[in-house]
Amino acid sequence: MVIEECEAWDIDTSFLPPVTRLYHLPPIGLGTPMVESMTGYIVRLAQEHCVSAGVLYWKEIRTLAAKGNIFTFRVTNDAGYSTHTINGLGSPAADFVRALEILTGRRDLSCLTLLTWRRVLPGHSLLRRCRAWCESCMYAWREANQPIYEPLLWTLQAVTVWPVPSPDLAPNVPAL
């Protein structure tokens, strides 16, 4: 019996990303005016994991964000989060960025909030307390088989009129 020597395989795994608790979901529209909002990102991340945003928050994000329950926020004692502030420029946004960057292994999630603008934007009356959306945009994205998401601009209280989406506004949004 002759023993054959086999070639050595290079089993270097340095090209593999680190293992994370949650999917390394890329945000939509980074570097464009149509960048995704943090709340919208959480919804898409939950969908990728086949759970509701509430379950994702309760099972994964809550302990890392360390502020309590987003469903029991009370203005009087600052317990929990007011959901709209997750997109803002204060500590709730910073807490969620930190938690989700740990969970997903991403390092670009602060762009999904107004944290970059905290030195130039006012801290009050900036964000909507209720969701707003552009029906035309969502319809166009669905027709183009693109992901439906919530741009950060839609969370701003000052945005009351929405232009028809165009390719120069965001590369992944089709013109109507």
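Percent relative contact order of the stretch 38-155, based on C-alpha pairs within less than 8 angstrom and at least six residues apart? The normalised contact order for the stretch 38-155 reaches 25 percent.
Can you pull the one-decimal nm distance between simple spin-label points at Ile102 and Met1, each 7 Å off the Cα toward Cβ? Reported label-point gap for Ile102 and Met1 is 5.4 nm.
Whole-Hz Karplus values for the stretch 108-125 come out as 10, 7, 5, 5, 8, 10, 9, 4, 4, 9, 4, 8, 10, 9, x, x, 10, 6 Hz, taken residue by residue from phi with 6.51 cos²θ - 1.76 cosθ + 1.60 and θ = phi - 60°; glycine and proline positions read x. Could you calculate the FRET efficiency of Glu48 with Ala94 from 1/(1 + (r/R0)^6), where r is the beta carbon distance between them and R0 is 25 Å, rounded to 0.05? Efficiency computed from Cβ-Cβ geometry: 0.60.
By the count of neighbouring beta-carbon atoms within 10 Å, fewest first, Val97, Val55 end up ordered Val55, Val97. Its alpha carbons give the stretch 38-155 an Rg and a Dmax of 14.5, 45 Å. Residues in the stretch 89-98 carry Karplus couplings, in order, of 10, x, 5, x, 4, 4, 4, 5, 4, 4 Hz; the curve used is 6.51 cos²θ - 1.76 cosθ + 1.60 with θ = phi - 60°, and Gly or Pro positions show x.
Each reported figure results from applying straightforward, stated rules to the coordinates on display, with no laboratory input. Just so it is clear, the model here is predicted, and its values are computed rather than measured. Quick reminder, even Gly has a Cβ in these numbers, built from the backbone with ideal geometry, and neighbours come from all protein chains shown.
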